[in-house]
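The values are calculated or read from the model by the stated rules, or taken from the named source; none is laboratory data. Worth saying up front: this structure is predicted, and the values here are computed from it rather than measured. Note: ideal-geometry Cβ built from the backbone for every residue, glycine included; neighbour counts use all protein chains shown. Surface accessibility is based on the protein's heavy atoms, side chains included, excluding ligands, DNA and RNA. Shrake-Rupley method; radii C 1.70, N 1.55, O 1.52, S 1.80 Å.
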Amino acid sequence: METVLEVAGLYKSFSLPGSRRKVQAVNGVSFTLKRGETLALVGESGSGKTTVGRCVLGLEEPTRGRVLFRGEELSRRNNVRRPHLRGRIQLVFQEPAESLDPRMRIGASIEEPLKALGMPASERAGRVEAVIRRVNLPAAVLDHYRTSLSAGQQQRVGIARAIVTDPAVVVLDEPTSALDPTARAEIIDLLLEIQKATDTSYLLISHDLSAVHYISHRIAVMYLGMIVEQGPAAEVFRRPRHPYTVGLLSSVLLPDPEIRRPTTVSLKGEIPSPIDLPKACFLAGRCPFATEICRRSMPPSEEIAPGHLVHCYHHEQVAQIDQPSDTFAEFQASAERVLGVDVLGADMDEETPRGRRRWASSTAK
């Protein structure tokens, strides 16, 4: 499968005004994104997820490292604004209302990226009409302004603006966090439909682990600007191998008090400052598994299974503390039993993240 995006050894720091000190926002991030794949970057607020996305888009210049799009390195001079790259990497914003100009009609807003590509007016009109149908909005919306649309409709317009140029990669920056639960589910289903029809690759930036579980093929867990665990989403959710990942998954409260990930891992203490990061493992001061080697040196990246990477000296010990369990899959199965419907809307053999997740959870029992 073709690699459309590669990030290698990415670092990004920000200078503090009036000081020589710097905030270390991204620390050695590396990953690849295949065609038609969804990779989710997850972690607490301030973990560096959005900064990685901004570096991929060229909105921030990396301090060190490389971002390659289909083998071509992106830089300050060769970025997504260049004619041959324009429209190939797009962004869906977190706040749909703020991403749309209130003075522009919806049709003009969707058409704007096509003007930047130099597409003739006759072709633009047809493309806009096709894309508004793809996001399941009526053509009449094209004559409306942003203020007359609901938040869910506004986000559909934001998605239409992103996909109208037929991009290879779409960066989804918390695309559902500003929406109510019904609109959130509809937008996630829409994104899956678009990906299935167009083979577009998604870089999903989110703290909503339920959405990540539902849509992602692979997951990268970030802590203090570093990817501490990365692997197939079904495997990471079922059997996390880094203490921080275990703590992150255990902290999620699902709408069923009887379903919660059992764990004995407790991460106590203060999170280190990104201005003065430890020279060794960033989690050592909070981790119950930490030993002297953790406080002395940074754990290397180790591939513990095909495509499953972890930065932890004690990942084997972490794997033994609990039985493999995917509480998100358990909740989905429970909801289906209660409601008497297929909540996921996907067959277990269907080639979608949802289908694979159901298949993985059913075979794990």
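Summary of computed values
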{"quantity": "Residue pairs, from the table LYS115/LYS196; LYS34/LYS279; LYS22/LYS115; LYS12/LYS34; LYS34/LYS115, whose Cα atoms sit over 30 Å apart", "calculated": "LYS34/LYS279; LYS22/LYS115"}
{"quantity": "Sequence ranges 302-312, 66-76, 150-160, ranked by mean other-Cβ count within 10 angstrom, highest first", "calculated": "150-160, 302-312, 66-76"}
{"quantity": "3J(HN,Hα) from dihedral phi, the stretch 56-72, Karplus parametrisation 6.51/-1.76/1.60, rounded to Hz, x for glycine, proline", "calculated": "4, 7, x, 7, 10, 8, x, 5, 8, x, 10, 10, 10, 10, 6, x, 9"}
{"quantity": "For SER297, solvent-accessible area (1.4 Å; no DNA, RNA or ligand), Å²", "calculated": "40 Å²"}
{"quantity": "Inter-probe distance in nm under a simple model that places probes 7 Å from Cα toward Cβ, at SER75 and ASP101", "calculated": "3.3 nm"}
{"quantity": "Under 5 Å, built H, 5+ apart or other chain: amide partners of GLY28", "calculated": "LEU10, TYR11, LYS12"}
{"quantity": "20 Å reach of a label modelled at TYR145, 7 Å along Cα-to-Cβ, counting backbone N of the stretch 158-187", "calculated": "158"}
{"quantity": "Mean separation of Cα contacts under 8 Å, 6 or more apart, over the residue count of the stretch 104-235: relative contact order %", "calculated": "20 percent"}
{"quantity": "Heavy-atom accessible area ranking, 1.4 Å probe, most first, across LYS115, LYS279", "calculated": "LYS279, LYS115"}
{"quantity": "Anisotropy class of the stretch 122-277 from Cα gyration tensor, a/c 1.5 cut", "calculated": "prolate"}
{"quantity": "Shape call, the stretch 273-317: gyration tensor on alpha carbons, a/c limit 1.5", "calculated": "prolate"}
{"quantity": "Linear extension gain, THR32 paired with LYS115, 0.36 nm per residue minus alpha-carbon span", "calculated": "26.8 nm"}
{"quantity": "Accessible surface, 1.4 Å probe, highest first, among residues THR291, THR147, THR165", "calculated": "THR147, THR291, THR165"}
